[in-house]
Structures are given as structure tokens and as C-alpha cells.
Amino acid sequence: MQQFEQWADFKGKLWKEEVNVRDFIQHNYTQYEGDESFLAGPTEATNKLWGELQKLQKEERAKGGVLDMETEVVSGLTAYGPGYINEEMKDLEQIVGLQTDKPLKRAFMPYGGIKMAEQACTTYGYTPSPKLHEIFTKYHKTHNQAVFDVYTPEMKKARHNKIITGLPDTYGRGRIVGDYRRVALYGIDYLIEKKESDFIEFERHGMKGTDFRLREEIADQIRALKEMKEMAAVYGYDISKPATNAKEAVQWLYFGYLAAIKTQNGAAMSVGRISTFLDIYIQRDMEKGILTEEQAQELIDHRIVENGISYIQVHPTFLYESVWNLSVLLFMLWYRKRKRFDGEMLWIYFLGYGVGRFWIEGLRTDQLKVPGTALAVSQLLSATLAGAAVGALTYHYKKLSKKEIFCSFHLVQLEKNFLRLRWSWISYWIVTSIISYLNFIRANIRFGKNFIHHFKNQI
């Protein structure tokens with residue numbers, strides 16, 4: 001049975017004999033039954049880092065959604081040097097590690113598919129490296145190409161005609177929730193040792209085809225674990241051994257996640273359920289008197305900063321939308337008896353909805369932008385709808401001034417159908433408003449308490 005001095009005061013036996021994080025948690029986690037009064041607010045260092053990240057995010061939005069993008073270097077565990085939110089403030093960062101060498105800089109990831117990687121660049125005005133295009137079209141098969149190589153003609157037709165979407169070619173970046181807690185609990189060297197044992201297990205005469213594939217996969221895993229050590233060393237950390245304290249536990253765990261998103265984008269990946277695991281280390285350090293609640297909060301906050309997620313204040317757009325739509329509906333119910341021509345109500349609805357949608361979409365922070373502009377695609381569509389409504393209303397009002405009343409059967413029918421559904425719209429607004437208010441209240445409560453209540457989660 002393996003034993004490390006870093007495991008002092010931890011209970012249990014099975015998790016020491018095999019890689020078993022679940023058993024570790026079951027033997028060492030103590031559920032918290034109190035209230036949230038123990039929580040501490042953000043520290044001065046955290047607020048400064050938040051501020052720096054918010055500035056960068058503002059710049060990112062001003063540039064159309066991307067602050068910077070790599071076009072020459074293929075992303076990998078050791079492809080970049082150390083990166084910090086702010087080089088001059090790096091001493092404030094309790095937890096370190098960026099996907100690239102600069103904050104909010106997008107990596108170039110062609111392994112999932114060179115076309116997807118190049119389109120990600122060109123969409124935002126960047127020119128991908130012609131050399132990399134040649135490499136990943138002539139000399140290196142991407143995941144996307146490998147998938148299409150095994151598609152049947154029927155599958156290709158279904159994919160081409162959008163009958164079936166979401167096939168593995170689209171998701172080459174991965175759908176991964178790794179157990180990064182293992183890095184903190186066992187250290188890299190121990191994990192490599194276990195993987196080498198797995199490799200030997202399939203070292204036998206008369207190996208089957210599956211044995212060859214498994215040995216290849218295990219070899220890749222061992223290689224990745226070694227590279228993970230090199231990646232951490234760039235930041236001045238040695239993750240070969242288990243984490244000694246809570247700070248190292250958070251950092252070691254985050255390095256595991258960082259290694260994953262450096263190779264598989266991270267857009268469709270999660271760090272997983274880590275709260276109970278980290279709580280064990282935090283509680284141990286507090287009992288020893290080497291960690292305060294404020295310091296513990298800071299560790300979690302800084303991990304989230306490095307993760308590329310900041311607690312920025314955002315608008316409750318669903319609430320705005322429900323209130324706006326209610327206002328438009330009330331106006332239409334009042335105005336319908338005063339309408340000047342058949343079909344007017346429909347165009348008023350299009351105008352009101354288009355204007356509201358244009359405004360609300362402008363408040364969102366995750367927009368798909370029109371290439372080369374700061375205008376969101378949804379805003380363009382909303383503006384088009386509102387513009388068409390203004391044009392139609394202007395046309396009809398001009399005709400009315402000449403005593404020529406325009407009547408369209410289709411518009412009348414659409415208007416009647418819309419009014420028949422007015423109570424459905426009211427019901428929809430009530431439901432969406434309740435949900436929006438509840439989410440708004442919950443979000444503000446979470447923000448006021450620093451969003452984190454990591455001691456109440458279960459494994």
C-alpha cells in the first residue's frame with residue numbers, strides 16, 4: 001500500500017491501494033449542516049484581478065468577440081510559456097495557468113478539423129498560417145477527416161442535408177469531464193506508475209486487436225502525464241507528488257483541467273464536481289490553523305479567474321424581454337380599437353418585437369458577430385424585421401392619407417390569429433416573468449455571497 005506524507009490525517013485504505021477518489025471522499029468528507037454565514041467576501045487581490053479581467057473582456061467585446069487569436073502555433077500542453085491575467089500583478093494570483101500565453105487569447109486547435117480551426121480565425125479577421133494548412137491537409141490526418149473516412153454514403157448524405165447533425169465530426173474538440181482530482185490526490189508520478197502497470201497488463205503473446213489499441217492509448221496517456229509535469233514546471237510548480245495543502249490541491253487539480261483544455265478547446269468540457277474534494281483539504285488546513293476562510297475563498301475565486309470565467313455583472317435579459325413583450329402586448333390591446341387599417345396590428349407587433357430584440361441582444365455578452373463588425377447577427381435580423389415593419393406602416397399610412405385603404409386577406413387572418421392568442425401571450429409572460437425574477441433574485445444572492453457555496457455539494 002502506497003503512503004505519502006502529504007496524506008497525513010486522511011482516513012481510508014482502499015483509495016491508497018488503487019486510484020479511487022470516490023473512496024477518498026467517502027472516508028474524509030464531513031457534510032456541512034450550517035448556513036452560509038461562514039462565507040467570506042472577495043479579497044482585495046481578487047477584486048483587482050476581477051477588474052483587470054473585466055477590462056480585457058470589455059476590449060474583447062469591442063473587437064467583435066475575440067481579443068486575440070493564435071494563428072502560427074498549434075496548441076499543446078507545452079506550446080506556450082507562462083501566462084497571467086496581468087504580468088505586473090502575477091504575484092496576486094494564488095492560482096495560475098492560462099490556455100495560451102495571454103489572457104483571452106484564443107488557441108489554434110486543428111486536430112479536431114483544420115477547416116473548423118481556420119474558420120474560427122477568418123470569422124474574426126485573422127489569417128491562419130498557410131504552413132499549418134499544408135501540414136494538416138497533406139501530412140496529418142485530423143479527427144474530422146478520420147470520421148468522414150468511415151462514414152457510409154448514407155451517413156454522408158444525411159450529414160450533408162442536415163437530416164442528422166451533431167455527429168462526431170462536429171464534436172472533434174471533445175465532450176470531456178475528466179477526473180482532474182487525481183492529480184492533486186496522487187501526483188503525476190503515481191498516476192504514471194499505475195498507467196505503466198496497465199501497459200504491462202496487455203503485454204502478452206497472441207495479443208488481440210483491442211490489446212494493440214489499448215496499449216497505444218495508454219502510451220499516449222503516459223506521454224500526456226509527463227507533458228503535464230513540464231507544463232506545470234513552466235509556472236514553477238512540481239506536481240509529481242500529491243498536493244501538500246489546500247492551495248496545492250486547487251492548483252494541482254486546475255493544472256489537470258488546464259492540460260485538457262489546451263488540447264481539446266474547453267468549449268464543451270467541464271472541470272467536474274470538485275467541491276467536496278477540495279473541501280477536505282480546506283477543512284484540514286483550517287483545523288491546522290494554516291488557512292483562513294478568506295484565504296480559502298480566494299483560492300476558489302482565483303481558480304475561477306484562471307478558468308476564464310469572471311463574476312461580471314450582466315443584465316437579466318430574460319426579465320427585460322418579458323417586461324418589454326408585456327408592454328408591447330398591452331399597447332396592442334389598447335390600440336386595436338383605434339387601428340387605422342387591417343393588418344396594422346401585425347406590423348406594430350413586428351416593429352415592437354424587432355426594436356426590443358435589437359436592444360436586448362445588444363446587452364448580451366456571448367453574441368455571434370457579423371464578420372468584420374461589432375454588430376451581432378441577431379441584432380441584424382431584428383433590425384431587418386423592425387425596418388420592414390416601419391416600411392410597411394409608412395406605406396399604408398401614406399395610402400390612408402389619400403383615402404386608399406389597403407386590405408390584405410393574409411394580414412387580416414394573421415392579425416386575428418394573433419389576437420386570439422392574446423391570453424396565451426399573457427400566460428407566457430406571467431410564466432417567463434416569474435422564472436426571470438426568480439433567476440434574477442437567485443443570481444444576485446449568489447453574487448452577494450461570492451457565488452460559491454462549495455461545502456454543500458454531494459459527491
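Pairs are defined by a Cβ separation below 6 Å, a sequence spacing of at least 6 or placement on different chains, a first member in the range 273-289 that is closer than 15 Å to Trp7 by Cα, and a second member that is among the basic types (Lys, Arg); the pairs so defined are Phe277/Arg181.
Listed here are the residues, each with its yes/no results for (1) farther than 18 Å from Thr263 by Cα; (2) polar (S, T, N, Q); (3) crowded, with 18+ Cβ neighbours inside 10 Å; (4) assigned by TED's automatic domain parsing to the domain that holds Glu44.
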residue: Met69; (1), (2), (3), (4): no, no, yes, yes
residue: Ser75; (1), (2), (3), (4): no, yes, yes, yes
residue: Phe136; (1), (2), (3), (4): no, no, yes, no
residue: Gln145; (1), (2), (3), (4): no, yes, no, no
residue: Val150; (1), (2), (3), (4): yes, no, no, no
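Reported count of residues in the range 135-152, each being within 12 Å of Glu118 (Cβ to Cβ) and either out of contact with any helix residue (DSSP H, G or I) (no Cβ under 9 Å at 6 or more places or on another chain) or of a type in the set (Ser, Thr, Tyr) (or both), is 2. In the set Asp91, Asp68, only one residue is free of Cβ contacts under 8 Å to residues at least 12 places away in the same chain and of a type in the set (D, E, K, R); that residue is Asp91. Here are some conditions: (1) closer than 15 Å to Lys262 by Cα; (2) in contact (Cβ under 8 Å) with a residue 24 or more places away in the chain. Gly83 meets all but one. Which one does it not meet? It is condition (2) that Gly83 fails. Taking helices (runs of 4 or more DSSP H) as the structural unit, those lying wholly within the range 1-99 and holding at least 2 residues that are under 27 Å from the mean Cα position of the chain (by Cα) correspond to 21-28, 44-62.
Quick one: which of Ile200, Ile222 is farther than 28 Å from Ile114 by Cα, of a type outside the set (D, E, K, R) and either in contact with a Lys or Arg (Cβ under 8 Å, 6 or more places away or on another chain) or loosely packed, with under 15 Cβ neighbours inside 10 Å (or both)? Give the steps one after another, and end with the answer.
On the way: Ile222 fails: farther than 28 Å from Ile114 by Cα.
When all the criteria are applied, what remains is Ile200.
Filter the range 75-101 down to the residues that are under 19 Å from Glu60 (Cβ atoms) and in contact with a strand residue (DSSP E or B) (Cβ under 6 Å, 6 or more places away or on another chain) and list them by number. Lay out the reasoning, then the answer.
Applying the first criterion (under 19 Å from Glu60 (Cβ atoms)) to the range 75-101 yields 75, 80, 83-87, 89, 98-101.
Residues satisfying the conditions are Ser75, Gln99, Thr100.
The values are calculated or read from the model by the stated rules, or taken from the named source; none is laboratory data. Everything numeric in this text was worked out from a predicted model, so none of it was measured. So basically every Cβ, Gly included, is an ideal-geometry build from the backbone, and we count neighbours across all protein chains shown.
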